[in-house]
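Below is one structure; the comments refer to it alone.
The values are calculated or read from the model by the stated rules, or taken from the named source; none is laboratory data. Worth saying up front: this structure is predicted, and the values here are computed from it rather than measured. Reconstructed Cβ throughout: ideal geometry from the backbone, glycine too, with neighbour counts over all protein chains shown. Quick note on the areas: whole protein, heavy atoms, side chains included, nothing else; ligands and nucleic acids left out. Shrake-Rupley method; radii C 1.70, N 1.55, O 1.52, S 1.80 Å.
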Amino acid sequence: MRVPSAAGPVRWWPIPGRGGFWAVTRYADVAAVLADHTRFTSTGGVMLNMLGRAEPARDQQFAASDPPRHGLVRGPLQRRMTARAVRRHEDAIRAHVRGTLAPLADEFDLAEVTAGLPAAFLGPLMGIPPADWPALRRLVAMSVAEDDPDVTLPAGPEATLERGHRELFAYLLGLLLEHRRHPRGDLVDLLAALPLRPGAVVANCYSLLLGGGAALPHVPTATVAELLRSGRYADWAARPDRLGGAVEEALRYTSPAGHFMRLATRDTTVGGVPVAAGDAVVVWLGAANRDEAVFTDPHRLDPLRHPNRHLAFGDGRHYCLGAAMARLTLRVFFEELFARYPVLHLAGDVERVRSAWLGGVKRMPVAGRPR
Amino acid sequence: MRTRAELESAISQLWSEKLAVHPVGLYDNFFALGGDSLLAADLLMDIYERLGVEVDAGVLFLKPTIAELVDDVLAAE
Ligand code: HEM
């Protein structure tokens, strides 16, 4: 049994009944862990809710595999997810965003609007009909924010997680069967054509859906929350030419995917602290993205920050597959929001999500007159 | 069309193969017997491909017993 150390950049956090984990928060240490898949494996699961359990998708789901296996599935998907490849979806994404902004009254919940964003690309990427998204969105929330009172079932967080996961699997299995009957040439068809067992195809679809659906809405919402708090919304809205850098800064500042986990494959050190083979090592991306050693004035949201090598999308081989799609969607969303609402005000309390993984805002009433 | 008994025995055989558990009771829970979501997806595809029967994925994932699956198949036929 290790003694939790009170201070220091790499700390042991015991979790009763499930061992514990090393919490890594410095930028340099986080980047070092993510860069080295030989010392830190993804095969034990990558989110804290998998701590102390066997990951059934180990070596089957590329997110829970190490190279070279990881690349066998990720490689073909990645060719469809480059900045160049996703650009062809821009018009469809813009049309979707306009469609969600157009019917809004002068007062609306911005979190509700951004929650609909993933539907803009889950259609083109996976053939998921936009009409399915409201129900899926809830299941995604159950799977990544099982502690949030909005979604926790009476039977508790553990049961919520399991239920969300099972229902998503059932949905995705149906989606796979549907694709077998009517191929669409999308990522689901691509996965189905790889030499994978059906369970592995579905597990990879699950990664795409969770990766695409969970974190993205929280970037614009939490960013606008800060802009309204600090009175700088109108400044940002007036400068659409700065959006490229602003999106990167929004990602750094909000870091909605809070942590990722690895297991040490051998006795090693992280930031000078000894870590034993088999220990869980959890990197906290939001903390790394506010490391003063790397970012000047890190708590300031600065659209002109340069350089801005943030870790919101992770690093190394598991660097977010959807990063280009996320950047495109965020840019389009900010462009459309700012064009329509040059001025916006808070119209009620901002409520944050309760989760060990997801950082973000789930309710945020705002008011503004559309241009 | 197959009888309930035929379906029960065909499905329980596939189920035993997947879980390496023998015998499987009609009311045993797939996940309690050691099944996981990936195996459940494999099983559904096997039932579909080898028996020509399409089981509702929601039933398999949320009410994972042979009795429920057979009920669902018979109701659909
Ligand atoms: C702002 C939105 C997003 C954030 C902050 C984010 C963050 C991340 C991070 C930090 C990782 C690394 C995980 C690890 O190291 O284990 C990751 C991986 C991944 N993301 Fe994203 N993501 C976002 C959007 C998306 C989108 C839109 C998609 C899909 C369309 C997506 C799909 C994935 C997948 C499939 C992986 C696994 C990659 C691998 O293991 O090789 N993400 N994401």
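Selection of helices (runs of 4 or more DSSP H) fully inside chain B by the criterion of at least 3 residues being touching a residue at least 12 places away in the same chain (Cβ under 8 Å), more than 26 Å from A:GLN60 (Cα to Cα) and more than 14 Å from every other protein chain (Cβ to nearest Cβ) returns B:4-19, B:66-76. Checking each residue in segment A:304-347 for being in a loop (DSSP other than H, G, I, E, B), within 21 Å of the chain's Cα centre (by Cα) and more than 8 Å from the ligand (Cβ to nearest atom) picks out A:ASN308, A:ARG309, A:HIS310.
When segment A:145-164 is filtered for residues that are in contact (Cβ under 8 Å) with a residue 40 or more places away in the chain and within 13 Å of chain B (Cβ to nearest Cβ), only A:LEU161 remains.
Let's see how each residue does on (1) more than 9 Å from the ligand (Cβ to nearest atom); (2) surrounded by 19 or more Cβ atoms within 10 Å (Cβ to Cβ):
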position	(1), (2)
A:ALA35	yes, no
A:SER42	no, yes
A:GLY52	yes, no
A:GLN60	yes, yes
A:PRO68	yes, no
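Anything in segment A:7-24 that is in a loop (DSSP other than H, G, I, E, B), within 20 Å of A:THR265 (Cα to Cα) and in contact (Cβ under 8 Å) with a residue 40 or more places away in the chain? List them, or say none. Hit for segment A:7-24 is A:GLY19, nothing else. The C-beta contact set for segment A:72-100 (first residue over 21 Å from A:LEU337 (Cα atoms), second residue outside any helix (DSSP H, G or I) and among the hydrophobic types (A, V, I, L, M, F, W, C), distance under 7 angstrom, 6+ apart or interchain) comprises A:VAL73/A:LEU194; A:ARG74/A:LEU321; A:PRO76/A:LEU194; A:LEU77/A:LEU321; A:GLN78/A:LEU321; A:MET81/A:LEU321. Scanning segment A:234-288 for residues that are within 30 Å of A:PRO370 (Cα to Cα), over 24 Å from the mean Cα position of the chain (by Cα) and open to solvent by 30 Å² or more (accessible area, probe 1.4 Å) turns up A:ALA234, A:ASP235, A:ALA238, A:ARG239, A:PRO240, A:ASP241. If you filter segment A:186-197 down to residues that are more than 10 Å from chain B (Cβ to nearest Cβ) and open to solvent by 50 Å² or more (accessible area, probe 1.4 Å), you find that the one that is nearest to B:LYS18 (Cα to Cα) is A:PRO195. Do you know which residues across segment A:250-290 are among the charged types (D, E, K, R) and within 16 Å of the ligand (Cβ to nearest atom)? Of everything in segment A:250-290, those that are among the charged types (D, E, K, R) and within 16 Å of the ligand (Cβ to nearest atom) turn out to be A:ARG252, A:ARG262, A:ARG290. Residues in segment A:70-94 that are more than 11 Å from the ligand (Cβ to nearest atom) and more than 17 Å from A:GLY123 (Cβ to Cβ): A:LEU72, A:PRO76, A:ARG79, A:THR82, A:ALA83, A:ARG84.
Within segment A:265-300, the residues that satisfy the criterion of being of a type in the set (D, E, K, R) and either closer than 27 Å to A:ALA54 by Cα or modelled with pLDDT under 95 (or both) are A:ARG266, A:ASP267, A:ASP279.
Restricting attention to segment A:117-144, the residues being under 15 Å from the mean Cα position of the chain (by Cα), open to solvent by less than 20 Å² (accessible area, probe 1.4 Å) and touching a residue at least 60 places away in the same chain (Cβ under 8 Å) number 7.
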